[in-house]
Amino acid sequence: MNKTDTTVVEPSNAFSTLLNTHRKGIAGGECSTFLERALAAAVDTGAKAEVNVKVTIIPGADNQVAITIQPSAKLPQQKLAGSIFWVDEEGKLSASNPNQRELPLREVIAVGKTQEVREAKEA
């Protein structure tokens, strides 16, 4: 196209028509579902999400074509923070170091102008 060409090309709706009519609109519905999931995952994680639509066209006889549509998505996963555990003598996980003594913790409660000390309750 040269710089002086002022031809206006009207946009085509062939792709959206294909999605909404292929197998009674199932492909369009699946694409919309993938888009909604990708949007939610991107907003939740703050990471990039992708939606892909693969259209395969196989030519046949008498101007026929067989078309398959395969939507897919690459969704970011929520990154969970790690945590430290110990393995006790029985081979079970423990959030407390079995080789370290427990501290005698107390709960201090303010009652008016005085304070009351109670033994800490175990969670």
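Just so it is clear, none of the values below were taken in a lab; they were calculated from the coordinates. Computed from a predicted model, the values in this text were never measured in an experiment. Ideal geometry is used to build each Cβ from the backbone, glycine not excepted, and the neighbour counts take in all protein chains shown.
Structure above, values below:
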| quantity | calculated |
| --- | --- |
| Single residue of Val55, Val65 found to be of a type in the set (A, V, I, L, M) and either surrounded by 12 or more Cβ atoms within 10 Å (Cβ to Cβ) or farther than 20 Å from Leu19 by Cα (or both) | Val55 |
| Strands (runs of 3 or more DSSP E) enclosed by segment 22-123 - at least 1 residues per element that are in contact (Cβ under 8 Å) with a residue 24 or more places away in the chain and within 13 Å of the chain's Cα centre (by Cα) | 50-59, 65-74 |
| Unique match (being among the charged types (D, E, K, R) and either closer than 22 Å to Gln78 by Cα or in contact with a strand residue (DSSP E or B) (Cβ under 7 Å, 6 or more places away or on another chain) (or both)) among Asp44, Asp62, Asp5 | Asp44 |
| Filter result for Leu35 (among the hydrophobic types (A, V, I, L, M, F, W, C) and in contact with a helix residue (DSSP H, G or I) (Cβ under 6 Å, 6 or more places away or on another chain)) | no |
